[in-house]
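Encoded as structure tokens, the structure appears first; notes follow it.
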Amino acid sequence: MTKTEVPAGARKFEVTCSSCNLRELCLAGCVEGADIERIENIVYARRRVKRGESLFKSGDEFGAVYAVRSGFFKSSLIGDDGREQVTGFFMGGELIGLDGIGSGAYNGTAIALEDSEVCVMPYTLIEEMARELPALQRHLHAVLAREIVRDHGVMMLLGSMHAEERLATFLLSLSKRFVRRGYSASDFHLRMTREEIGSFLGLKLETVSRLFSQFQKDGYIKVEQKHVRIVDIAGLERILAGR
């Protein structure tokens, strides 16, 4: 795929970023007025991705950045031993594929955890528009900086936190991300499996299951399969403060 081609499965149509309820979380959130119409030209198409399908695979040629319009994704790498290592989770309004900017190829594989839809933004169009709109260029730099900070945060999570702290951090992070999208801070459905959570947090499946049970016993959360209700957010925060 060249950098100007539309990825397979994408469909071109009139896109209106100005009416999207995730606008403030995406690239379009950095501009106002007449410039929003120019930003809409970046969104070349939308693509639907069914649960279990990959948006792109590790090593694929980089051509576009994807904004999650609906649904949920995970990014992962395959280790030398053949095991999957989950490197991140993405929800509505977040951008996927930024790791391909430097190398010209996607570093990991992005897989839909439920039926999802993404906005396809060819990177050549982003570059062209960023040269014309300084606000977009600054916003893109800010997004890339957040990715660096996030990666450092994951490294700290895996390197210096105990298992209880890792899960508490994970749940609190999800809570904050859901709030930014107008959802409940304490009541949500986990799209990922316990095994995928463990892979991301560097914990065994048995440890993740035990911690969910322990957190429920301690009155921090209530769990019913993938549905989680945080009963005591302050309690989870105290787990981290106790470090």
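The values are calculated or read from the model by the stated rules, or taken from the named source; none is laboratory data. Just so it is clear, the structure is predicted and the values come from calculations on it, not from any experiment. Don't worry about glycine lacking a Cβ; one is built from the backbone with ideal geometry, like all the others, and counts go over all protein chains shown. These accessible areas exclude ligands, DNA and RNA; they are computed on the full protein's heavy atoms, side chains included. Shrake-Rupley method; radii C 1.70, N 1.55, O 1.52, S 1.80 Å.
Where in the range 101-187 are there chymotrypsin sites (Phe, Trp or Tyr not before Pro) that are in a DSSP coil and have at most 15 other Cβ atoms within 10 angstrom of their Cβ?
On the way: sites: Tyr106, Tyr123, Phe170, Phe178, Tyr183; in loops: Tyr106, Tyr183.
Here the chymotrypsin sites (Phe, Trp or Tyr not before Pro) that fit, given the DSSP loop and packing criteria, are Tyr183.
How charged is the neighbourhood of Ile197? Take every other residue with its Cβ under 12 Å from the Cβ of Ile197, and add Lys/Arg as +1 and Asp/Glu as -1.
Numbers: positive: Lys74, Arg166, Arg191, Arg194, Lys204, Lys226; negative: Glu195, Glu196.
Around Ile197, the surrounding residues sum to +4.
How far apart, in nanometres, would the label points at Lys57 and Thr193 be if each is projected 7 angstrom from Cα along the Cα-to-Cβ direction?
2.0
When Lys and Arg each count +1 and Asp and Glu each count -1, what net charge do the other residues less than 10 Å away from Lys50, Cβ to Cβ, add up to?
Its environment carries a net charge of -1.
Per the 1.4 Å probe, what fraction of the accessible area of the range 93-144, in percent, lies on carbon and sulfur atoms? Walk me through the numbers on the way to the answer.
Working: 1040 of 2060 Å².
The C+S portion of the solvent-accessible surface of the range 93-144 is 50 percent.
Please compute the alpha carbon radius of gyration of the range 197-243, then divide it by the globular-protein estimate 2.2 N^0.38 Å. Two decimals is fine. Before the final figure, lay out the partial values.
Values: Rg = 11.1 Å, N = 47, 2.2 N^0.38 = 9.5 Å.
This ratio for the range 197-243 stands at 1.17.
Just to verify a number: what accessible area does Glu224 come out at with the full protein assembly present, 1.4 Å probe, Å² rounded to tens?
That residue has around 140 Å² of solvent-accessible surface.
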